[in-house]
């Protein structure tokens, strides 16, 4: 029977937000998924924009070389939005992020680790 455990993002300190500093690839590390192919991480991420203008956030989902793995969201000033609603990943793939403006986006979230 499968089990589910809620865990912190691997690159978060004690569950706190992760500031997105890079403005291009390779992005700020957010989380490294579980290794192997039978277990999966269900990843939930929210991003908050403390800037006075809209900022484009790009998530690098598992790879930075394929456009299929880049997901962009425009985040309005003083807004927090869900940017990864339970997307899954495994095989020790990384989630990273960069933004159109440095150091104004913070990402927070958690992972439901599902083991077979």
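The values are calculated or read from the model by the stated rules, or taken from the named source; none is laboratory data. Computed from a predicted structure; not experimentally measured. As a convention, Cβ positions derive from the backbone with ideal geometry for all residues, glycine included, and neighbour counts pool all protein chains shown.
Can you spot a residue in segment 7-28 that is surrounded by fewer than 14 Cβ atoms within 10 Å (Cβ to Cβ), part of a loop (DSSP other than H, G, I, E, B), at negative phi and in contact with a helix residue (DSSP H, G or I) (Cβ under 6 Å, 6 or more places away or on another chain)?
No: zero hits.
Looking at segment 34-50, can you tell me whether even one residue there is without any contact (Cβ under 8 Å) to a residue 40 or more places away in the chain, part of a loop (DSSP other than H, G, I, E, B) and farther than 27 Å from residue 5 by Cβ? Step through it out loud before you land on a result.
Step one: of segment 34-50, the residues without any contact (Cβ under 8 Å) to a residue 40 or more places away in the chain are none.
There is no residue in segment 34-50 that is without any contact (Cβ under 8 Å) to a residue 40 or more places away in the chain, part of a loop (DSSP other than H, G, I, E, B) and farther than 27 Å from residue 5 by Cβ.
Say we look at segment 29-60 and pick out the residues that are surrounded by fewer than 22 Cβ atoms within 10 Å (Cβ to Cβ) and under 9 Å from the mean Cα position of the chain (by Cα); which of these is farthest from residue 93 (Cα to Cα)?
46
Suppose the filter is on the phi < 0 side of the Ramachandran plot, surrounded by 13 or more Cβ atoms within 10 Å (Cβ to Cβ) and at pLDDT below 95; does residue 94 pass it? First the steps, then the outcome.
Details: on the phi < 0 side of the Ramachandran plot: yes; surrounded by 13 or more Cβ atoms within 10 Å (Cβ to Cβ): yes; at pLDDT below 95: no.
Spelling it out, it is not the case that residue 94 is on the phi < 0 side of the Ramachandran plot, surrounded by 13 or more Cβ atoms within 10 Å (Cβ to Cβ) and at pLDDT below 95.
What residue, of 114, 107, is crowded, with 17+ Cβ neighbours inside 10 Å and either more than 28 Å from residue 1 (Cβ to Cβ) or touching a helix residue (DSSP H, G or I) at 6+ places or on another chain (Cβ under 6 Å) (or both)? Can you show your working first?
On the way: 114 fails: either more than 28 Å from residue 1 (Cβ to Cβ) or touching a helix residue (DSSP H, G or I) at 6+ places or on another chain (Cβ under 6 Å) (or both).
Checking each option against the conditions leaves just 107.
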